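Student: Dropping a structure here in structure tokens format, bear with me for questions.
The values are calculated or read from the model by the stated rules, or taken from the named source; none is laboratory data. Values in this document were obtained by computation on a predicted structure and should not be read as measured data. When the accessible area is computed, the model is the full protein with side chains, heavy atoms only, and any ligands, DNA or RNA have been set aside. Shrake-Rupley method; radii C 1.70, N 1.55, O 1.52, S 1.80 Å.
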Amino acid sequence: VRYLVENSLGRLWLLNNPSSRLAEQMDYYIKPVDEETDFLKIAKPEELKVIDSAVGSGHMLTYAFDLLYAIYTERGYDPAEIPGLILQHNLYGTEIDPRAGALAAFALTMKAAAKRKLFLKNPAHPNIRVLENVLFDPAELDYLWSLTKADGFARADADEFWNAFEHADTFGSLIHPKEQLIAPLAAAIEGVSGDGDLLHGRTLEKAATVVEQAEYLSKRYSVAVANPPYMG
């Protein structure tokens, strides 16, 4: 865990901040032999967005929390604000096992609470998303299409987007939803009440879940670090 995080998150920060003393606390960091010039430019700690797309119980992100805390401290941020900033801006995880996802969120919350005693009075919620199976039947797809058909894309593409997470508990973060559809489809369902129809209301809830999960899998992150599950 430390080797992977130090040589991804730690390395990116050091490339952008050669005068940083972060390397002094990274026992597994390997300094590049040759000078690197082609790397992502990071202006401030909030821009370091780290994703573990198979987050498990959160080991990668909890150690990334420690490095990020050191980075914010080095930059002179108020220690009372740092834990909330890290959970709000820096750490993201996706998972297919609800119990593991809950453990990861709990571990990050406890990390933050250990750094700031009053954190639990107004906690920032960790950006951990357990990907759920979502499947729409033909009638539900017809209803969703009635809300979005004027937006200039094909019905087949919309249906594919809505059912992209049919097998989320198997494929997890390997799913690639059509990013160009996220914004228009999210806008189409936002503010729609379902007209008092319980079935339409449930369909809209499922659609909102799909949009949120698609957003997690389409964000741009500066660091991806993971220990994916081993499969046959």
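Student: Do the sum for the chain: with -39,500 (n - 2.57) for every DSSP H run of n ≥ 4, divided by all residues, what is the mean residue ellipticity at 222 nm, to the nearest 500 deg cm²/dmol? If you can, show how the numbers build up before the last one.
Tutor: Working: 10 runs with 101 residues, N = 232.
Helix-only estimate at 222 nm: -13000 deg cm²/dmol.
Student: Next question. Taking the 0 to 90 degree range and rounding to the nearest ten, how far is the long axis of helix 98-115 tilted relative to the main principal axis of the chain, both from C-alpha atoms?
Tutor: In the chain, helix 98-115 runs at an angle near 40 degrees to the longest axis.
Student: Next up: What is the chain's relative contact order, in percent, from Cα pairs under 8 angstrom and six or more apart in sequence? Walk me through the numbers before you get to the answer.
Tutor: On the way: 316 pairs, mean separation 53.5, N = 232.
In percent, rounded to a whole number, it is 23.
Student: For the range 121-200, what D do you get in µm² per second when you plug the Kirkwood radius from alpha-carbon pairs into Stokes-Einstein at 20 °C and 1.002 mPa s? Write out the running numbers ahead of the final one.
Tutor: Numbers: Rh = 14.4 Å.
Answer from the Stokes-Einstein relation: 149 µm²/s.
Student: Two decimals is fine: what is log10 I(q)/I(0) at q = 0.09, 0.15, 0.17 Å⁻¹ for the chain, from a Debye sum with one equal scatterer on every Cα and no solvent?
Tutor: -0.46, -1.03, -1.17
Student: Continuing with this model, one more query. Where a ≥ b ≥ c are the square roots of the eigenvalues of the C-alpha gyration tensor, would you call the range 1-84 rounded, which needs a/c under 1.5, or, failing that, prolate if a/b is larger than b/c, or oblate? Intermediate results must be reported in sequence, preceding the final value.
Tutor: On the way: a/c = 1.56, a/b = 1.13, b/c = 1.38.
The shape class here is oblate.
Student: Could I ask something else about it? Run the accessible area of the chain with a 1.4 Å probe and give the carbon-and-sulfur part as a rounded percent. Walk me through the intermediate numbers first.
Tutor: Details: 6850 of 12750 Å².
The C+S portion of the solvent-accessible surface of the chain is 54 percent.
Student: Return the whole-Å distance between the Cα centroid of the range 101-116 and the Cα centroid of the range 5-76.
Tutor: Result: 20 Å between the Cα centres.
Student: If you count only protein heavy atoms with a 1.4 Å probe, what accessible area per residue comes out for the range 1-95, rounded to a whole Å²? Working shown, then result.
Tutor: Working: 4610 Å² over 95 residues.
On a per-residue basis, 48 Å².
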